[in-house]
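Novice: The structure that follows is given in the form of structure tokens.
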Amino acid sequence: MRTGIATLSVRGRLLDKLPAIAAAGFDGIEVFDNDLVACPAPPREVAARCADLGLAVDLFQPVRDAAGVAPEEFGRTLHRVRAKLAVAAELGAPVVLACSHVGDASVDDPDLLAEQLHALGEAASEHGITLAYEALAWGRHVHRVGQAWEAVQRAGHPAVTLAVDTFHMLARGDDGRALAGVPGDRIGFVQVADGPLLRMDLLEWSRHFRCFPGQGVLDVAGVVAASLEAGYRGPVSLEVFSDVVREADPFLTARDGYRSLVFLEDQLASRLRDPAAAAVTAQPPAPTRTDLAFVELANPDGSPEPAALLESLGFVRSGEHRSKPVSMWRNGDACVVLNDTRGGSRWHALGVVTPEVATVAARAKALLWPAVDRTRGAGEARLPGITSPSGVHVFVSAAAGAEDDWRGDFVPAADVPHAGWSGLDHVGIAVPAERLNEEVGFLRTVFDLQPAPVEEFWEPQGRLRSRALRPAHGDTRLVINVEDVRSRQPREGITQVAFGCEDLLAQVRLLRGRGVRLMAVPDNYYVDLAARFDLPEETVAELREHGVLYDRAGDGELLHVYTDVLATGFYVELLERRGGYDGYGSANTHVRLAAQPASS
């Protein structure tokens, strides 16, 4: 599949963007008119720079408001378009993007639109250029791809083709079925962008919240698959602009964009009847199941605090690593690894279990995610590690008893009673706002975790945005958080470790008996709790006595408590799910944010 990216999707000046795009591995670019106008180099020099870097100029864009204008204005419009076509010819761009008219002066006359598109096609053909007519989602009279295709057909000129833009189509509620009957050789160009589902002005949504495929929830692959099935064989090019890409390092953005097209190509391979005909290649498959295994605590200074903390939480040192200063701690079925490697990483890590260890590692490599550099002793589990955009190392283990089971690397040190905690329930990871989409993309593209909608919570210093991700099969639950605060430095990495248990009240008594300080809950919370739920008075009194938070959804109930933020930089949540409760206690988050100090 031929890959491309619009220059407006990368930060910086035009000539500075080109090396970043080339280094990422793209085949070509779309030159954005504003970038070229502000560039000191003439079009031929820009084309030469691209050629030197191995980049083709696939598209020049955009020509705005050129068709559907009042007849008396079309002469001036045609003069403007001819000038831009001459620029495109100097760039060597075979296609020029023409957008549907968005202004109040646009004329709602299909015959006039077709006539003017035909005239523009004549002008384009003089340079050997094809026009790709695009329905902007906010176009005045043409805002759906079906309307654009009708205009192209009525224009009846071989140099006038249809532009397919996944964002404009999907934002308007269309999908790949809207391209039924469009021949592939009449599709002039395909642009792709993903996005979250938002209820807002389409123009604002487009300008500020587009993201790369795999980072949003739109069916980008469905639209591109329909184009390829129709016979389109041109570039599949990213046109993403947002507040994030306007500020991010251009080399990181370009690499992230290229990675998203590798993921898109992998999705297409499973959708197309003949992937080879479209030059689409599948990547190693995503895991069929993913389960949480352990959290690894980094202790590069050799501090005694982490071990003392684990003991206070009821963990027992249950194993020693065969070749590294690393120990395993267990509380029932809950596992924590303590890494005492002096001078090692300060980032806590996460362990997951999947049946396809080698395949997941190969998939991560194909998608250009960096591997963790680690040593492996003879006979030890493969345990490949992948570094997420947030800096968290994710280690991949085989299931219990398999050759690459992480537990086989530890020599048992003590027996641990089965009674206690039932294991990791979920893990919270804080990321900077500008890395949120990339973190979601990592978890989705490598592990096929599916993101839930974003939730937003107010806190005393600002707000918290959260997004939970889960696999189709497996008990992995990850919650990605963005702390929007100005009064303190937002945290990064693992900030929450939640464990499950069968009898929370009993476990709370044990924790308090060991001197563990649990988060104080204001009495006003329980007054409100009694008003929201028809709980018996004695139940509310018991929850108040132990400082336990409560939530209910349908027949399911959640009981949970929090520690304050610990010396490790994260807090621990202990919870009990009853009756199939499947959420995270979001109704209580504002109480935690107000009551829990941001640091120990």
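Any read-out appearing in this document is the output of simple, stated calculations on the displayed coordinates, not a laboratory observation. No experiment lies behind these values; they were computed from the predicted model shown. As a convention, Cβ positions derive from the backbone with ideal geometry for all residues, glycine included, and neighbour counts pool all protein chains shown.
Novice: Need the full-extension length gain, Asp555 to Asp185, defined as separation in residues times 0.36 nm minus the C-alpha distance. One decimal, nm.
Specialist: 127.6 nm
Novice: So how tilted is helix 43-52 from the main axis of the chain? Cα-based, degrees 0 to 90, rounded to 10.
Specialist: For 43-52 against the chain, the angle is about 50 degrees.
Novice: Now a separate question. Does the stretch 437-530 come out rounded, prolate or oblate, given a ≥ b ≥ c as the square roots of the eigenvalues of its C-alpha gyration tensor, rounded meaning a/c under 1.5 and, failing that, prolate meaning a/b above b/c? Spell out each step's value before the answer.
Specialist: Working: a/c = 2.02, a/b = 1.35, b/c = 1.50.
Verdict is oblate for the stretch 437-530.
Novice: Check which residues have an amide H placed less than 5 Å from Ala98's amide H, if you skip close sequence neighbours.
Specialist: Residues meeting the criterion, in which the H sits 1.01 Å from N, are Val63, Ala132, Tyr133, Glu134.
Novice: Another question, if that's okay. For a label point 7 Å from the Cα of Ala362 along Cα→C-beta, name the residues of the stretch 395-415 whose backbone N is under 18 Å from it.
Specialist: The answer is 396-399, 403-404, whose backbone nitrogens lie closer than 18 Å to the label point.
Novice: Per residue of the stretch 332-341, in order, report the coupling 6.51 cos²θ - 1.76 cosθ + 1.60 (Karplus, θ = phi - 60°) as ³J(HN,Hα) in whole Hz, putting x for Gly and Pro.
Specialist: Whole-Hz 3J(HN,Hα) from phi for the stretch 332-341: x, 9, 7, 10, 10, 10, 10, 9, 9, 4.
Novice: Through the Karplus equation 6.51 cos²θ - 1.76 cosθ + 1.60, θ set to phi - 60°, convert the phi angles of the stretch 287-292 into ³J(HN,Hα) values in whole Hz; use x for Gly and Pro.
Specialist: My calculation for the stretch 287-292 gives x, 7, 7, 9, 10, 6 Hz in order.
Novice: Got the relative contact order for the stretch 291-412 handy, in percent, Cα pairs under 8 Å and 6 or more residues apart?
Specialist: Numbers: 239 pairs, mean separation 33.1, N = 122.
The value is 27 percent.
Novice: Can you give the direction-averaged projected area of the convex hull of the alpha-carbon atoms in the stretch 291-412, in nm²?
Specialist: Values: hull surface 29.8 nm².
Its Cα hull, projected and averaged over all orientations, spans 7.5 nm².
Novice: A further question follows. In the neighborhood of Ala366, defined by Cβ-to-Cβ distances under 12 Å, what is the net charge if each Lys or Arg adds +1 and each Asp or Glu adds -1? Could you put the intermediate results ahead of the total?
Specialist: Working: positive: Arg259, Arg363, Lys365; negative: Glu265, Asp266.
Neighbourhood net charge equals +1.
Novice: Could you give the angle, 0 to 90 degrees to the nearest 10, between helix 504-513's Cα long axis and the longest principal axis of the Cα atoms of the chain?
Specialist: 60 degrees
Novice: Report the gain in length on full extension from Leu510 to Ala594: 0.36 nm times residue separation, minus Cα-Cα distance, nm rounded to one decimal. List each step's numbers first, then the result.
Specialist: On the way: separation 84, 0.36 × 84 = 30.24 nm, distance 2.55 nm.
Stretched fully, the Leu510-Ala594 segment lengthens by 27.7 nm.
Novice: Another question about this same structure. Going by alpha carbons, how many degrees (0 to 90, nearest 10) lie between the helix axis of 357-366 and the longest principal axis of the chain?
Specialist: The two axes meet at around 40 degrees.
Novice: In debye, nearest 20: dipole of the chain around its Cα centre with unit charges on the Cβ of K, R (+) and D, E (-)?
Specialist: Working: 59 positive and 82 negative charges, 224 e Å.
Roughly 1080 debye, rounded to the nearest 20.
Novice: At a threshold of 8 angstrom on Cα-Cα distance, excluding pairs fewer than six apart, so keeping six or more, what relative contact order does the chain reach in percent?
Specialist: Working: 1303 pairs, mean separation 56.2, N = 600.
Rounded, it is 9 percent for the chain.
Novice: Cα gyration tensor of the stretch 133-283, axes a ≥ b ≥ c as square roots of the eigenvalues: rounded (a/c below 1.5), prolate (a/b > b/c) or oblate?
Specialist: Working: a/c = 1.82, a/b = 1.13, b/c = 1.61.
Oblate is the answer for the stretch 133-283, as a/c is 1.5 or above yet b/c matches or exceeds a/b.
Novice: Pull out a ≥ b ≥ c, the square roots of the eigenvalues of the alpha-carbon gyration tensor of the stretch 3-278, then state rounded if a/c is under 1.5, prolate if not and a/b is larger than b/c, and oblate in the remaining case.
Specialist: Details: a/c = 1.45, a/b = 1.15, b/c = 1.26.
In terms of gyration-tensor shape, rounded.
Novice: Moving on. Please compute, over every Cα-Cα pair in the chain, the percentage with a separation greater than 36 angstrom. All intermediate terms of the calculation are to be shown ahead of the outcome.
Specialist: Numbers: 81151 of 179700 pairs.
Summing the P(r) tail past 36 Å for the chain gives 45 percent.
Novice: Neighbour counts of other C-beta atoms within 10 Å: give me Cys335, Cys50 arranged from fewest to most.
Specialist: Values: Cys335 25, Cys50 20.
By the 10 Å Cβ count, ascending, the order reads Cys50, Cys335.
Novice: Expected output is a single nm value to one decimal: the length gained when fully extending between Leu198 and Arg486, i.e. 0.36 nm times separation in residues minus the C-alpha distance. What is it? Present the calculation step by step, with values, prior to reporting the outcome.
Specialist: Details: separation 288, 0.36 × 288 = 103.68 nm, distance 2.55 nm.
That pair, Leu198 and Arg486, stretches by 101.1 nm at full extension.
Novice: Same structure, new question: With an 8 Å Cα cut-off and a minimum separation of 6 or more residues, compute the relative contact order for the stretch 3-278 in percent.
Specialist: Values: 560 pairs, mean separation 53.9, N = 276.
Reported relative contact order: 20 percent.
Novice: Go ahead and estimate [θ] at 222 nm for the chain from helices alone: -39,500 (n - 2.57) per DSSP H run with n ≥ 4, summed, over the residue count, rounded to 500.
Specialist: Numbers: 17 runs with 184 residues, N = 600.
For the chain, the value works out to -9000 deg cm²/dmol.
Novice: Here's something else I'd like to know. How much FRET efficiency would the formula 1/(1 + (r/R0)^6) give for Gln147 and Arg76, where r is the Cβ-Cβ distance and R0 is 22 Å, rounded to 0.05?
Specialist: Working: r = 25 Å, r/R0 = 1.13.
Computed FRET efficiency for Gln147 and Arg76 comes out at 0.30.
Novice: In which sequence would Met169, Met200 go, from the one with the fewest C-beta neighbours within 10 Å to the one with the most?
Specialist: Numbers: Met169 26, Met200 10.
Going from sparsest to densest Cβ surroundings: Met200, Met169.
Novice: Calculate, axis by axis, the spread of Cα positions in the stretch 423-595 along the three principal axes, and write the results as whole Å, longest axis first.
Specialist: Ordered largest first, the stretch 423-595 gives principal extents of 47, 40, 33 Å.
Novice: Right, next: Which order results if Lys324, Lys84 are arranged by neighbouring Cβ count within 10 Å, fewest first? Kindly include the intermediate steps, with their values, before the conclusion.
Specialist: Working: Lys324 17, Lys84 22.
Exposure proxy ranking, most exposed first: Lys324, Lys84.
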